[in-house]
1. What's the number of the only condition in (1) within 12 Å of DNA strand B (Cβ to nearest atom); (2) in a loop (DSSP other than H, G, I, E, B); (3) surrounded by 21 or more Cβ atoms within 10 Å (Cβ to Cβ) that A:ASP97 fails to meet?
2. If you take just the strands (runs of 3 or more DSSP E) that sit entirely in region A:280-384, which of them hold at least 1 residues that are more than 11 Å from DNA strand B (Cβ to nearest atom)?
3. Quick check on region A:20-57: of everything there that is in a helix (DSSP H, G or I) and aromatic (Phe, Trp, Tyr), which residue is farthest from DNA strand B (Cβ to nearest atom)?
4. Examine region A:63-77 for a residue that is under 30 Å from A:ASP506 (Cβ atoms), part of a loop (DSSP other than H, G, I, E, B), modelled with pLDDT of 95 or more and more than 8 Å from DNA strand B (Cβ to nearest atom), and state whether such a residue exists.
5. Could you tell me how many of the residues in region A:548-577 are touching a strand residue (DSSP E or B) at 6+ places or on another chain (Cβ under 7 Å), closer than 16 Å to A:HIS357 by Cβ and either among the polar types (S, T, N, Q) or not in a helix (DSSP H, G or I) (or both)?
6. Looking only at region A:546-592, which residues are among the polar types (S, T, N, Q) and free of Cβ contacts under 8 Å to residues at least 60 places away in the same chain?
7. Considering A:VAL187, A:VAL178, A:VAL110, which residue is aliphatic (A, V, I, L, M), assigned to a helix (DSSP H, G or I) and in contact with a Leu (Cβ under 8 Å, 6 or more places away or on another chain)?
8. Which of the residues that make up region A:209-251 are within 15 Å of DNA strand B (Cβ to nearest atom), farther than 25 Å from A:LYS143 by Cα and surrounded by 18 or more Cβ atoms within 10 Å (Cβ to Cβ)?
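The values are calculated or read from the model by the stated rules, or taken from the named source; none is laboratory data. Computed from a predicted model, the values in this text were never measured in an experiment. In this analysis, Cβ positions are derived from the backbone assuming ideal geometry, glycine residues included, and neighbour counts consider all displayed protein chains.
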Amino acid sequence: MSNVEICRVLRNVAAALSIKNEKKFRFQIIAYQKAADEIENSNVEVGDLLREKKLEKLPGVGASIRSHLEEMVNTGHVKHFDSILEDVPSAVFPLLDVTGFGPKKAFRLVNEFKLNNPETVFSDIQKLGKEGRIATLEGFGEKSQSDILRAIEEYGLGKTKGNRMVLPYAGQLADKLVDYLNKSKNVIRVSVLGSLRRRRSTVGDIDIAVASNEPGKVFDHFTTYPGIERIIERGDKSCSILATSGRQVDLMVAPPEGFGALLQHFTGSKAHNIHLREHALSKGLSLSEYGIRKVGTKKDESQIMKFKTEEEFYEALDMDWIPPELREDNGEIEAAIKHDLPNLVRLEDIKGDFHIHSSYPIEPSHDMGQNSMEEMIEQALKLKYKYLGFSEHSPSISKHSNRKIYEILTLRSKYIERLRLKYKNIIRIYSLLEIDILPDGSLAIEDEAMDLLDGGIVSIHSNFDMDKDKMTERVLKGLSHPKAKILAHPTGRLLNQRSGYELDWDLIFNFCKENKKAIEINAWPLRLDLPDTLVKRAVDKGVILVIDTDSHDLKQMEMMKYGISVARRGWATCNDILNTKSYNEIDEWIEI
DNA sequence: GCCGTTTTCGGCCCGACTGTTTTCAGTCG
């Protein structure tokens, strides 16, 4: 049973409890939701955590939920959950994915109209709405009826919360809005917040904060943005629109003297904020987006301490300022209190890129690059790199004999040798190659050809559906070749497209650490692979990582910043990242 | 149901916005 399925059951149990008696079960509901959040963010399957007896180490999972999950994984059912869920009609649950539907509203409609078929519940409600029957219910009206119809229609069109943008797309959308907002003379400062500021690999909504003394005028300007489909809501302090791209944009406004608290609040994450507020309460302080108030004082504006900057806000709690990428409640609050936060790697620390596909005619097994080696070297110089590694895909084994492959790579070596002479003392050039790990774990080119290289970047490009143990064995065998130096895009995931294969990460990390192999953080925005949560595990184990762009043209060499975001979210410092080192250290590591 | 730098019992983050209401319930972040 997958984590996704398990989360769904836990959330359904929470929903069923709020329908039964929200007050009575208030804290159980929060507990089930928290457990679901944690499992959702875990990159290890619950079944594996159970086998390794690590499930209870997950925050929010105690003895009770652990035993329920054990029963679920073993039998597919939990008697305790079934007894909770059996009182709630099954047609309620699909509705919970629709914006604006919570447990109460969903249950109310299903119960009033006796909607018993979860398969047809959406069309049943649409029919009732069009007949005007929803508006006749007590507590509902014409407006809520039309809101419900629109929400179901938008759900059908895929405009749901689950549908997330990759970072560059979200960034471009946000940049346009920030530029537009800056045109208003009432806007003093603009900042992008939420998961985009935390640099998560995918982003749901765009959150933007503005410092201004004229929120009404800022909202007037915002709601006349040309790329707007409709206004979702508009109050005194915040305003939400649906952009024509189908994305929700939330705008919050605060006066400049209180902007720091607003930034902190809407940067999140939710888990970070909840933990931070619990910590503050233990010191007698209550936090909100307006500032900090002593517990026991009136909820009155005059009692609130205000902060222009986030730094001042965290300082008032006797903590260091926490980089947004770390704000996921993974220990950053404890570290900030002890003044023990890591010194995270920055873009300007990067001295080179090892995963570069040029247009050199290598007749590759997969796609080739668009620009010559020289063009890419010139681009590397513009980026102030000290070294660059070329790693085209190895020549196709189906189209060439081993002899032919050796000849192609010999010519390439000679060409690279000429480039080395030309760029001597300017930039160091490494002769690498991206080599497939074949299903049996062997590498796609022969040892004789491998010897022509400084090192190999090995990766999986076929037979993705092997089971975890077999795939782990395959990768370890591939990596064990003495010339294999880097494991590229290690999970094989493509964001929003495929989840990638499973590996036994403890085995992989231990092997890499013991044998001086580096694991790649691939900066390609659809990959961002190794994922941030696994980066943190690798960093904790002391595995060496390398951030590469996997560029196929000049422009793509600037994608390094996305890999940096992943590394920072995984708590990586310069010490953890190979390509922050000098080329002398690289030479030593690669054993030239 | 979870959790512990005052606690293994007694707490559990904090607020905005909307629709349908005359003071609030539901949803969302």
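1. Failing condition for A:ASP97: (3).
2. Values: elements: A:285-288, A:291-294, A:352-356.
Strands (runs of 3 or more DSSP E) meeting the threshold: A:352-356.
3. Taking region A:20-57 first, the residues in a helix (DSSP H, G or I) are A:20-21, A:26-41, A:46-51, A:55-57.
Remaining after also requiring aromatic (Phe, Trp, Tyr): A:27, A:32.
Working: A:PHE27: 3, A:TYR32: 7 Å.
Among residues in region A:20-57 that are in a helix (DSSP H, G or I) and aromatic (Phe, Trp, Tyr), the one farthest from DNA strand B (Cβ to nearest atom) is A:TYR32.
4. There is no residue in region A:63-77 that is under 30 Å from A:ASP506 (Cβ atoms), part of a loop (DSSP other than H, G, I, E, B), modelled with pLDDT of 95 or more and more than 8 Å from DNA strand B (Cβ to nearest atom).
5. 4
6. As a first pass, look at region A:546-592 and keep what is among the polar types (S, T, N, Q): A:549, A:551, A:556, A:565, A:573, A:575, A:579-580, A:582, A:584.
Selection gives A:GLN556, A:ASN575, A:ASN584.
7. The unique qualifying residue is A:VAL110.
8. If the condition is that a residue be within 15 Å of DNA strand B (Cβ to nearest atom), farther than 25 Å from A:LYS143 by Cα and surrounded by 18 or more Cβ atoms within 10 Å (Cβ to Cβ), then A:ALA209, A:VAL210, A:SER212, A:PRO215, A:VAL218 are the ones that fit.
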